[in-house]
Each structure stands twice: as C-alpha cells, then as structure tokens.
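The values are calculated or read from the model by the stated rules, or taken from the named source; none is laboratory data. As the structure is a prediction and not an experimental result, all values here were calculated from the model. Here Cβ is always computed from backbone atoms with ideal geometry, including for glycine, and neighbour counts include all displayed protein chains. In case anyone asks, the SASA skips ligands and DNA or RNA and just uses the protein heavy atoms, side chains included. Shrake-Rupley method; radii C 1.70, N 1.55, O 1.52, S 1.80 Å.
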Amino acid sequence: MDVYEAVTSRRAVRGFTDRPVPREVLERVLSAAAWAPSASNLQPWNAYVVTGAPLAELKKRAGERVASGDPWDEPEYEQYPPALKSPYRERRSAFGEQRYGALGIPREDLEARQRAASANWDCFGAPAALFCYIDRDLGPAQWSDVGMYLQTVMLLLRAEGLHSCTQMAWAKYHRTVAEVLSPPDGLILFCGMSIGFEDVAVDYARTGRAPLDETVTFVDGL
C-alpha cells in the first residue's frame, strides 16, 4: 500500500471483528511511528497499548459507568471551544447529522444518540487499543507533535491491513483508564485509539472533506 492509498483509505472505523492483532505487528507499527516529527525531538507522546484481559477489564469498568449514568470525569483539557465559530460549527454539525443519520437516529432522539455513543467505551468491539498521554507541563506545540505521532500510527496500521478510530471520548473517563493503566500523575490522557480488523458487515457513512480552496491558499509567482 502506497502512502496516498494509506491516507485516503484511513477513516474512523466504528465496527471491528474480534480477530486478534498480532503483538509483532503492533511492535512493528509503533517502532516505525517513533520516527514521527517533533519539535527539538522531544517525542512527547506516551502510549499504552492494551489487549486481552486488561482491555476487557477496562471496557467492563467503563461500561458500568455508562450504564449507571455516572457523570463524566472533570475534564483535563478543552476538547472544543465553548463557542465554536463558522465554518467549524457547521462542519461539526454536518458530521453529527451524517453519523447518526446513517444509524437511523433522528436529531431529537438524544437517548438513542447516547446509546450509539456508548459504543466508544467498548472500543467498537476492537481487540486492541492505544491510549495516548502527554505530560501536563507541555504546551500547544507538543500537543501538535502528539497529533502527528497518532496520524503516523494510523497510516502505518493501514499499511498492515488494519483500521483504527481515535477517540477523545476516553478522556471523559480518564480516571477509569488510570485505574487499569496506572500512568504517572504528571500525564494527561489525550485520547484512546481502537485498533483492529474492520467488520465489513457494519454500515458506515464516510464523512466528506472541504474543497481544497476552502482550506489551502497557493501563493506563487505565476
């Protein structure tokens, strides 16, 4: 698979089979992903890869919190600005409409939307997950480095025939994740990432992208 195919075939998969992901594949992907760029080579990512019984336990604990209506944990970072401006507001709204519309869930059915969202904390059935932490003393540039690392991981997973789904949703239960992973106190959970083989029987609607001229300006001498 060439780079262009990896980029264009990567998407947020929300339905995985239970086929195990070989440990050697994960090690190969993460060893290569370590070459992702970071300012001054800080390499600010701290990744925890979870499979088997520990992942089952984490899914169980998170599922129990969802079922009991337990409030989300106090946020450690702001996922979206409180007043999202245009065009980002419209893009986010369009995503929600498409995502839940594909599931046959109308906008006003909040309970059904919540049930669909709860699949996040089962990793959509994936047999492997990565939890990415960053040191709480680092700044926006290092968060950007973490994003480049995660993108590198996802593209390498595609090269291995695997799919993924990054999930800031896991940050809402960061205390539960910490109970299983025991990260150092100085780290913040940025996101989880479900990893596995796609369940092709699960329907999906792929979200589009803005036209090039909305996001790119060419400045040249022609």
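Here the Gaussian network model covers the chain, with springs between Cα atoms less than 10 Å apart; of Ala171, Ala126, Ala94, Ala94 fluctuates the most. Across all directions, the average projected area of the convex hull around the alpha carbons of region 119-222 is 9.9 nm².
Below 8 Å, C-alpha to C-alpha, sequence gap of six or more: please give me the relative contact order for the chain in percent. Each step should come with its number before you reach the end.
Values: 274 pairs, mean separation 88.1, N = 222.
40 percent.
Based on protein heavy atoms only, the chain ends up with 59 Å² per residue of surface accessible to a 1.4 Å probe.
Each listed q (0.09, 0.13, 0.17 Å⁻¹) maps to a log10 I(q)/I(0) for the chain, found by the Debye formula over equal Cα scatterers with no solvent: -0.39, -0.86, -1.52. Between Asp213 and Met1, the FRET efficiency from the beta-carbon distance, with R0 = 45 Å, is close to 0.95. Here is how the number arises for the chain: DSSP H runs of 4 or more residues each give -39500 (n - 2.57), the sum is divided by the residue count, and the result at 222 nm is -12500 deg cm²/dmol.
For Leu156, Leu55, give the ranking by accessible area with the largest first, probe 1.4 Å. Write out the running numbers ahead of the final one.
Working: Leu156 50, Leu55 5 Å².
Largest accessible area first, the residues go Leu156, Leu55.
Distances between every pair of Cα atoms in region 133-176, grouped in 5 Å steps from 0 to the bin holding the largest one, split as 5, 18, 20, 22, 21, 11, 3, 0 percent. For Lys85, go through the aspartates and glutamates and keep the ones whose alpha-carbon is under 16 Å away, minus same-chain ones fewer than eight residues off. Candidates past the 8-residue exclusion: Glu214.
Stretched out fully, how many nm does the piece from Val202 to Phe95 gain, at 0.36 nm a residue minus the Cα gap? Walk me through the intermediate numbers first.
On the way: separation 107, 0.36 × 107 = 38.52 nm, distance 1.81 nm.
Gain in length upon complete extension: 36.7 nm.
Shape analysis of region 43-89 places it in the oblate category; the axes a ≥ b ≥ c from the Cα gyration tensor give an a/c of at least 1.5, with a/b not above b/c. The aspartates and glutamates within cross-link reach of Lys172, meaning a Cα-to-Cα straight distance under 15 Å and a gap of 8 or more places when in the same chain, are Glu64, Asp70, Asp73, Glu74, Glu76, Glu78, Asp122. Largest first, the residues Tyr77, Tyr88 sort by 1.4 Å accessible area into Tyr88, Tyr77.
Ligands, DNA and RNA aside, Trp72 has an accessible area near 140 Å² when probed at 1.4 Å.
Could you order Thr152, Thr176, Thr217, Thr51 so the one with the most accessible surface comes first? Probe is 1.4 Å. Kindly include the intermediate steps, with their values, before the conclusion.
On the way: Thr152 40, Thr176 5, Thr217 120, Thr51 60 Å².
Per-residue accessible area, sorted high to low, gives Thr217, Thr51, Thr152, Thr176.
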